[in-house]
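Please see the structure below; I have some questions.
A short reminder: the numbers here are calculations on the coordinates, not readings from a lab. All of these numbers come straight from a predicted model, not from anything done at the bench.
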Amino acid sequence: MILVRPAQKNDAQMLFEWRNDSLSRRMSLSSNFIGLGEHLKWFSKVLNNFNQLLLICENVDGTPVGMVRFDVRSDMSLVSINLASSWRGKGLGRLCLKVAINRFRNTYPSVNALYANILLNNLPSKMLFEKAGFSVVGKDKDVFLLKYSFNNSHLNNII
């Protein structure tokens, strides 16, 4: 079972480490190392921006296993996920994404669709999003664009 909660100030260091993990960087649209100062500025802005929702996924014992971020833009939102390196490959990504989408939907009911940009070489992430009901709607030389429509919700089918 996975629970989600909004990120808090004391999550900054943990998210900094997750963001700069070598695999996270290789699979990110922005693969450069982020310094702590830059990260803390970004993190503070996210926590204080109503158009962004940063959720921490936890096991029932309270151990953080990943994060899901939503960047709202009018009636749509970009979504991204990152699991802690020690929790990858254990099937938690799908649960984390499902619970986070449910929480997001309750917070932003006017958003009609979610989008995710995934590097072409990040097939595990592409498969995770597809199992969560996202569909590939575009592709360029480096990135798949996936879409999830709340009108065709598959949330109940992704566990």
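Label segment 36-126 by shape, choosing from rounded, prolate and oblate, from the square roots a ≥ b ≥ c of the eigenvalues of the Cα gyration tensor; if a/c is under 1.5 it is rounded, and otherwise prolate applies when a/b is larger than b/c, oblate when it is not.
Rounded shape, in that the Cα axes give a/c under 1.5.
Tell me the Kirkwood hydrodynamic radius of segment 2-157 in angstroms, computed as one over the mean inverse distance between distinct C-alpha pairs.
Hydrodynamic radius (Kirkwood, Cα pairs) of segment 2-157 is 15.8 Å.
Pairs of lysines 8 or more apart, or on different chains, with alpha carbons under 21 Å: count those in the chain, would you?
14
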